[in-house]
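Asks: One structure is given below, represented as structure tokens, and several questions about it will come after.
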There are 2 protein chains.
Amino acid sequence: MVAVDTLLKPRSVAIVGASADAAKLTGRPLVYLEKYGFTGAIYPVNPRVEAIGKHHCYADIAALPKAPDVAIVLLGAERAIEAVRALAARGTAAAIVLASGFSESGPEGKARQDELKRAAGSMRLLGPNTIGLVNVTDGIVLSASNALVADALVPGKVALVSQSGGILGSVLSRAQAAGLGFSKLIATGNESDLDVADFIDHLAGDGATRVIALYLEGLRKPDAFKAAVARARAAGKAVVAFKVGRSEQGARSAVLHTGALAGSDAAYGALFRQCGVIRAERYSDLIDIPLALAAGRALEGRRIAIVTSTGGAASLLADAAGMAGFETPPPDAATTARLKALAIDGAALDSNPIDVTLAGVKTETFRTVLGAVAASPVYDAVAVVLGSSALREPETAGAPLRDCAARSGKPVIAFASPDAPALVRALNLAGVPTFAAPESVAVALSAMRRAGEAREIAPWPAPIAVPKGVNALLKPGPLNEAESKRLFAQFGMPSVREIVVATPDEAAAAAKTFGGNVVVKILSRAVLHKSEIGGVAVNVAPGDVARTCAAMAARFAQATRAQPEGFLVQELVEDGVELILGFHRDDQLGPAILLGMGGVAAELYRDTVLRLAPLTRRDADEMIGELQSAPLLTGFRGRPHADTAALAGTILAFAQMIGAIGDRLAEAEINPLFVRPRGQGVVAGDGVVVVKGG
Amino acid sequence: MVAVDTLLKPRSVAIVGASADAAKLTGRPLVYLEKYGFTGAIYPVNPRVEAIGKHHCYADIAALPKAPDVAIVLLGAERAIEAVRALAARGTAAAIVLASGFSESGPEGKARQDELKRAAGSMRLLGPNTIGLVNVTDGIVLSASNALVADALVPGKVALVSQSGGILGSVLSRAQAAGLGFSKLIATGNESDLDVADFIDHLAGDGATRVIALYLEGLRKPDAFKAAVARARAAGKAVVAFKVGRSEQGARSAVLHTGALAGSDAAYGALFRQCGVIRAERYSDLIDIPLALAAGRALEGRRIAIVTSTGGAASLLADAAGMAGFETPPPDAATTARLKALAIDGAALDSNPIDVTLAGVKTETFRTVLGAVAASPVYDAVAVVLGSSALREPETAGAPLRDCAARSGKPVIAFASPDAPALVRALNLAGVPTFAAPESVAVALSAMRRAGEAREIAPWPAPIAVPKGVNALLKPGPLNEAESKRLFAQFGMPSVREIVVATPDEAAAAAKTFGGNVVVKILSRAVLHKSEIGGVAVNVAPGDVARTCAAMAARFAQATRAQPEGFLVQELVEDGVELILGFHRDDQLGPAILLGMGGVAAELYRDTVLRLAPLTRRDADEMIGELQSAPLLTGFRGRPHADTAALAGTILAFAQMIGAIGDRLAEAEINPLFVRPRGQGVVAGDGVVVVKGG
């Protein structure tokens, strides 16, 4: 998108509503453009001012000497619309609208935003309700943010795209303090036109950007987001996202329904997982993870050397790393020998943490220690603890640390035990990721490990065509159980062997053909949860089937004041693990597939996994592996290994069904889905399908 | 303990091994004593120096003009022992030994520490391997810590007791930066004599201390810890603990054995819970929780008003609070009316977060807003978001915030959205708990809520006497199932109805007396896990019992090359929820009781709860309530409410059994424990007991 390129790197900028008072918000953009070294043309527009500084001030947009590449519109909502109309008429490539009072403020604002969009025509818009953007790489500031008042901006390899302008300022301020530099900073505001996906797409091709950090409130175009992230990932960039709004969903009380179990935050989690986006769980992670990844090193394994001069803080770090699944093995014999040759008095050099004591914190000694440890084949990364001695003499450990990071290809990171903001900042600026919290080190290591693992992202699969027989089955309203299973069969999903009968006597006759006890059910589309009205009987002897059916029909009649459509006599599956396979249409992110343990586990233990449709085979395999109860499928305590390959196939088939049928499908669930021992496949024990329009 | 009083507030201090070089570690204690205003006598001891500053320096301890109250011993390990001997001989009340090279350094060091302890006799010791202590309240520093070099110490209401000297310095440095003040700082080192419990006990009576913060590596005397914490809690003090060493346990792979499932970190968790100690989960919590509690306000409910001038950061805070279970209801109509009367342009005053916008951040307006919100009956606390405007004009929001905190009885806290260390520090020093992370606010609120809830701590129950018939049952080695159940019965724990028989035919005859299907088992003390060798058959028809027993005996003979002791014929329980009740002897903390869901849930979902013995009734009730599967016991999806009262009684009885039998008991477990519907009690389905010495 050429317009986004122009927006981020304009040759000329109009400032509509510019003030000559630098202390005012409307005075800032011009000050910032000059302060940060913009070399293009600046056109202030304000009918009440002749000039601002050395710049001639234009009475209106029509008076501009030529169409600006970009305009920053500082007017209130109503006047901003007129300015946007005039800018579009002049042929401006893009406008940034700061005013609030649009869709964030209710229905009237929503209408105003629609008008703004119409006024822009083919001109691109950033905002409204945005604080603007900063192209740090090229020294171009198109923003009125407070956060830019203070110091010089630290340039770096991280681009930040934020849906909140206030948070953009907050992250910038925190990052500057921590020594994290940025390439681009963009607040997308109400996203009337350009949204977060447009900027990810642009940043995918931005040579100055290695890490794309996102602050998200909600995605308006999930498919564009997926595509943009895929492009960024393919270009070798890491994408990190913090998503606000987890707790409204978390607080929702659980009911055993696919949708409620999944919840919207889980859908975002699935989206991030499937796109290869690293999720920032805590606010500070949105700085710590980019800090870790900006160094551009992937962690190739989970074995961490901890080098320290102070025991307590090293325990703290080892503990945090261990909690995150990292190992801290002792050094190999050759490395220990190299370390012991240094003859450091009182040092513990054959265990990990490797404690060199204060005696070891001498520049040359420490340089040798770090070099030896980084070179050891036992370690995938080196984490150094900085104690209070580093406050007094930051270079004694700092110089060896920088050298080690420069020479070793492995990640080299540091943890400052005392309060040491200046030290943390200096090391980060020097390219050694350094953190103030032991848990941040663990988060950083985990992110670097993710970056080491997840290099390939499978393409999102294309939808399959709807099989021939499907349309005839899709009568509006609920299908009965037998019809639901016929639909599943159309997509290659097998069900238990079953016979549909009309009367108790027919049921008894059918039961005899199974050669053993059977399952007997009411057949009715009127009741989705048959077992709640006593409409399911398991393990019934053939001789008891007629009686069971009659009693069931009586209970059914009492509960529904109607007759059942018939009865189902089914094979009794005793060697299967019972799962639930369902789907849920997320408000924002579309159809999602849910796999859960059957029985009470899905609800009591929240033993469910969610992924957005469409699914890849890897998604299906990961879903199975992520169930807490996955061991039940893989030989737990002498059980037979279940047919997980067939299960993955059925999960994929179910997702293909969801994709192929599309919006006509209101509900679909297989519960239970029996997963039999390896080689024996899976079968649907029961199924619910509801077609829209009934 | 008078010696501890003297140690913390001596009138005279000897510094053994004092150096005249203030830059050396051995030069620091004298410098610190003077710098922080110690008014008592100072006796440096060093044979090679005449005087240090204005102080005469003594050649040896014998030469001191009188016995000092306290001595700081700065000598190396071997010479420290001699100094301690000499100090004890002079009648010194307590000595602080800084040297390392004692029990932390292996068996030789352990022997050295024993010698040190003997040399001290009745003189009390702090250390060895300690950095000393600081009595901030009275300006007495008995330490060589680096962390004391810099600024003046901020006095406050928090006492810190740390088992690591390095961490004491780290926490002190971080706390000073955050504006958290201390009353006392004590590093206990190797705890050869005085330990963390001794200082908690002292601090319980210290008028200057409101919160006791602990950094723990492991407790040497858990019972003394419990007693000291109980005293502190009874005196109205909050106790907060960070315990390092969670991950070694967390990483241990799970096996379905009581001990492995529980793990030592879980035992510490239980200890803290039972003592009313608030656990700091992250390192930063060890500062954030004391910050929150030092203000001395308990949170009486979970409804939080968030007042902000910036939307993004307020969402962040609402989200973090929501994740921690807090509610953010909108203001009541009267409060909204009061706020709207202020006519703040663009403000959102009828929802929560209450967004006053930048227009609302004017001193008088903001004062009125905070006053109105704090007075609203809808809220239990007020949390204020400080945006970037607070960096430019800290007093505009700061002054109203301090006033509100001073006037309202409710907790009033703040979150700084941009990087604002000076602002955070200033507000904390002014008594408004202020945090730099949204998650810290949630942690602070949770801690204040805990302080609001947990005012009463039940006393630890006394052990019961061993019932008469017990000793006869305690033959060394494993008991068989029937014997185990007889032991349970002695403590009032009922089992399923069962008959012990010798032969398959006797079993068949016994089965007929049950009036239905039965459970049949091998009876043998040789096999603890009968089901693994096919020694358990459930739901056996009486007619099949003889055949089942014969087959079982054959399998048993094949597996063990021995004959079973007999057979058990048992009542079939079909209406019970199956739990596991076991015990585990923690290396450090002693016997612990474990309650878990039966079947695979205890292992797959880690659905277990641990408490240390002895138990109170409240402990038993909490254990039941904390099971993830607790809803299964309380009417889940139409099931009958289980007899939770009987279950609590059996948990207590089991704990009493553990306490009464004591060390003779190696293993004890009831698995399954059937919990029947309300009014029908619980019964042990099976039991394992192993007595020591077999």
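Asks: Within the range B:31-56, which residues are part of a helix (DSSP H, G or I) and open to solvent by 40 Å² or more (accessible area, probe 1.4 Å)? Break it down into steps so the answer makes sense when it comes.
Replies: To start, the set of residues in the range B:31-56 that are part of a helix (DSSP H, G or I) comprises B:31-35.
Passing the criteria: B:V31, B:E34, B:K35.
Asks: Hey, A:R402 hits all of (1) away from chain B (no Cβ under 12 Å); (2) farther than 15 Å from A:V307 by Cα but one; which does it fall short on?
Replies: (2)
Asks: Now for a separate question. Determine which single condition A:A426 fails, assuming it passes every other condition in (1) surrounded by fewer than 24 Cβ atoms within 10 Å (Cβ to Cβ); (2) within 14 Å of chain B (Cβ to nearest Cβ); (3) at pLDDT 95 or above.
Replies: (2)
Asks: Considering the range A:666-681 alone, what residues qualify as being touching a helix residue (DSSP H, G or I) at 6+ places or on another chain (Cβ under 9 Å) and over 14 Å from A:L595 (Cα atoms)?
Replies: Scanning the range A:666-681 gives A:E667, A:R676, A:R678, A:G679, A:Q680, A:G681.
Asks: Could you go through the range A:452-467 and let me know if any residue there is in a loop (DSSP other than H, G, I, E, B), within 14 Å of chain B (Cβ to nearest Cβ) and among the hydrophobic types (A, V, I, L, M, F, W, C).
Replies: no
Asks: Return yes or no: is B:A59 open to solvent by 20 Å² or more (accessible area, probe 1.4 Å) and farther than 24 Å from B:Q163 by Cβ?
Replies: Yes.
Asks: For residues in the range B:168-194 being farther than 17 Å from B:I289 by Cβ and of a type in the set (S, T, Y), which is farthest from the other protein chains (Cβ to nearest Cβ)?
Replies: B:S192
Asks: Next question, about the same structure. Examine the range B:297-309 for a residue that is within 14 Å of chain A (Cβ to nearest Cβ), outside any helix (DSSP H, G or I) and at positive phi, and state whether such a residue exists.
Replies: Scanning the range B:297-309, I find no residue that is within 14 Å of chain A (Cβ to nearest Cβ), outside any helix (DSSP H, G or I) and at positive phi, so the answer is no.
Asks: Being touching a Ser or Thr at 6+ places or on another chain (Cβ under 7 Å), surrounded by 17 or more Cβ atoms within 10 Å (Cβ to Cβ) and more than 14 Å from chain A (Cβ to nearest Cβ) is the requirement here; does B:P411 meet it?
Replies: Taking the combined requirement at face value, the residue does not satisfy it.
Asks: Now for a different question. Which one of these does B:D319 not meet: (1) in a helix (DSSP H, G or I); (2) more than 8 Å from chain A (Cβ to nearest Cβ)?
Replies: (2)
Asks: I'm trying to understand the selection: among the residues of the range B:160-206, which are under 18 Å from B:G431 (Cβ atoms) and among the aliphatic types (A, V, I, L, M)?
Replies: Listed by number, the residues that qualify are B:A175, B:A177, B:A178, B:L180.
Asks: Still on this structure, I have one more. Just the residues that are β-branched (V, I, T) and open to solvent by less than 70 Å² (accessible area, probe 1.4 Å), please, taken from the range B:516-548.
Replies: Within the range B:516-548, B:V518, B:V519, B:V520, B:I522, B:V527, B:I533, B:V536, B:V540, B:V545, B:T548 meet the criteria.
Asks: Would you mind stating whether A:P438 is in contact with a Leu (Cβ under 8 Å, 6 or more places away or on another chain) and either free of Cβ contacts under 8 Å to residues at least 40 places away in the same chain or under 29 Å from A:R231 (Cα atoms) (or both)? So that I can check it myself, show each step before the final result.
Replies: Values: in contact with a Leu (Cβ under 8 Å, 6 or more places away or on another chain): yes; either free of Cβ contacts under 8 Å to residues at least 40 places away in the same chain or under 29 Å from A:R231 (Cα atoms) (or both): no.
For A:P438, the condition - in contact with a Leu (Cβ under 8 Å, 6 or more places away or on another chain) and either free of Cβ contacts under 8 Å to residues at least 40 places away in the same chain or under 29 Å from A:R231 (Cα atoms) (or both) - is not met.
Asks: In the range A:605-620, which residues are touching a residue at least 40 places away in the same chain (Cβ under 8 Å), within 14 Å of chain B (Cβ to nearest Cβ) and either assigned to a helix (DSSP H, G or I) or not β-branched (V, I, T) (or both)?
Replies: Scanning the range A:605-620 gives a single hit, A:R606.
Asks: Next question. Within the range B:85-105, which residues are open to solvent by 50 Å² or more (accessible area, probe 1.4 Å) and assigned to a helix (DSSP H, G or I)?
Replies: B:R85, B:A89, B:R90, B:E104, B:S105
Asks: Considering each residue of the range B:366-393, count those that are open to solvent by 30 Å² or more (accessible area, probe 1.4 Å), more than 14 Å from every other protein chain (Cβ to nearest Cβ) and part of a helix (DSSP H, G or I), and give that number.
Replies: Qualifying residue count for the region: 4.
Asks: Here is a further query. Test of understanding: among B:G165, B:G76, B:G91, which residue is touching a strand residue (DSSP E or B) at 6+ places or on another chain (Cβ under 6 Å) and either within 14 Å of another protein chain (Cβ to nearest Cβ) or closer than 24 Å to B:S12 by Cβ (or both)? Quick ask: steps written out before the conclusion?
Replies: On the way: B:G76 fails: touching a strand residue (DSSP E or B) at 6+ places or on another chain (Cβ under 6 Å); B:G91 fails: touching a strand residue (DSSP E or B) at 6+ places or on another chain (Cβ under 6 Å).
Sole residue among the options that is touching a strand residue (DSSP E or B) at 6+ places or on another chain (Cβ under 6 Å) and either within 14 Å of another protein chain (Cβ to nearest Cβ) or closer than 24 Å to B:S12 by Cβ (or both): B:G165.
Asks: For the range B:594-604, give me each residue that is touching a residue at least 60 places away in the same chain (Cβ under 8 Å) and more than 24 Å from B:K485 (Cβ to Cβ). Reasoning before the result, please.
Replies: To start, the set of residues in the range B:594-604 that are touching a residue at least 60 places away in the same chain (Cβ under 8 Å) comprises B:594, B:596, B:598, B:602-603.
The answer is B:E603, and nothing else.
Asks: Against the condition at pLDDT below 90, open to solvent by 20 Å² or more (accessible area, probe 1.4 Å) and either within 14 Å of chain A (Cβ to nearest Cβ) or in a loop (DSSP other than H, G, I, E, B) (or both), how does B:L358 come out, does it pass?
Replies: Taking the combined requirement at face value, the residue satisfies it.
Asks: Within the set of pairs 6+ apart or on separate chains, which have a first residue in the range A:582-593 that is within 10 Å of A:A655 (Cβ to Cβ), a second that is β-branched (V, I, T) and part of a strand (DSSP E or B), and C-beta atoms under 8 Å apart?
Replies: Qualifying pairs under 8 Å: A:F583/A:I593.
Asks: A further question follows. Considering the range A:270-286 alone, what residues qualify as being part of a helix (DSSP H, G or I) and open to solvent by less than 20 Å² (accessible area, probe 1.4 Å)?
Replies: Scanning the range A:270-286 gives A:A270, A:L271, A:F272, A:Q274, A:C275, A:D285, A:L286.
Asks: Give me the pairs, please: first residue somewhere in the range A:222-237 and part of a helix (DSSP H, G or I) and surrounded by 17 or more Cβ atoms within 10 Å (Cβ to Cβ), second residue anywhere and polar (S, T, N, Q) and modelled with pLDDT under 95, beta-carbon distance under 7 Å, and either six or more positions apart or on two chains.
Replies: Final answer for the pair search is A:P222/A:Q588.
Asks: Answer yes or no: is there a residue in the range A:452-460 that is modelled with pLDDT under 95, open to solvent by less than 30 Å² (accessible area, probe 1.4 Å) and under 30 Å from A:R367 (Cα atoms).
Replies: Yes; the residues of the range A:452-460 include at least one that is modelled with pLDDT under 95, open to solvent by less than 30 Å² (accessible area, probe 1.4 Å) and under 30 Å from A:R367 (Cα atoms).
Asks: Filtering the range A:79-109 down to residues that are among the acidic types (D, E) and at pLDDT below 95, which residue is farthest from the chain's Cα centre (by Cα)?
Replies: Going through the qualifying residues, I end up with A:E108.
Asks: If B:R585 satisfies all but one of (1) crowded, with 22+ Cβ neighbours inside 10 Å; (2) at pLDDT below 90, what's the number of the condition it fails?
Replies: It fails just one condition, (1).
Asks: Within the range A:561-580, which residues are open to solvent by less than 30 Å² (accessible area, probe 1.4 Å) and at positive phi?
Replies: Across the range A:561-580, the qualifying residue is only A:G566.
Asks: Kindly list, by first and then second residue, each pair from a residue in the range B:386-415 that is at positive phi to a residue that is open to solvent by 10 Å² or more (accessible area, probe 1.4 Å) and assigned to a helix (DSSP H, G or I), limited to pairs with Cβ atoms under 7 Å and residues at least 6 apart or on different chains.
Replies: So the pair list comes out empty.
Asks: Sticking with this structure for a sec: For A:L528, indicate whether it is in a strand (DSSP E or B) and closer than 18 Å to A:K485 by Cα.
Replies: Values: in a strand (DSSP E or B): no; closer than 18 Å to A:K485 by Cα: yes.
Judged against the criteria, A:L528 is not a match.
Asks: Taking the condition of being of a type in the set (G, A, S) and either within 14 Å of chain B (Cβ to nearest Cβ) or in a loop (DSSP other than H, G, I, E, B) (or both), how many residues in the range A:322-344 meet it?
Replies: Going through the range A:322-344 one residue at a time, the tally reaches 5.
Asks: When you go through A:G515, A:G431, A:G492 one by one, which is the residue that is touching a Lys or Arg at 6+ places or on another chain (Cβ under 9 Å) and either assigned to a helix (DSSP H, G or I) or away from chain B (no Cβ under 14 Å) (or both)? Walk me through it before giving the result.
Replies: On the way: A:G515 fails: touching a Lys or Arg at 6+ places or on another chain (Cβ under 9 Å); A:G492 fails: touching a Lys or Arg at 6+ places or on another chain (Cβ under 9 Å).
One residue alone meets the criteria, A:G431.
The values are calculated or read from the model by the stated rules, or taken from the named source; none is laboratory data. Since we're looking at a predicted model, the values are computed, not measured. For neighbour counting, all protein chains shown are included, and Cβ atoms are generated from backbone atoms with ideal geometry for every residue, glycine included. Only protein heavy atoms, including side chains, enter the accessible area calculation; ligands, DNA and RNA are left aside. Shrake-Rupley method; radii C 1.70, N 1.55, O 1.52, S 1.80 Å.
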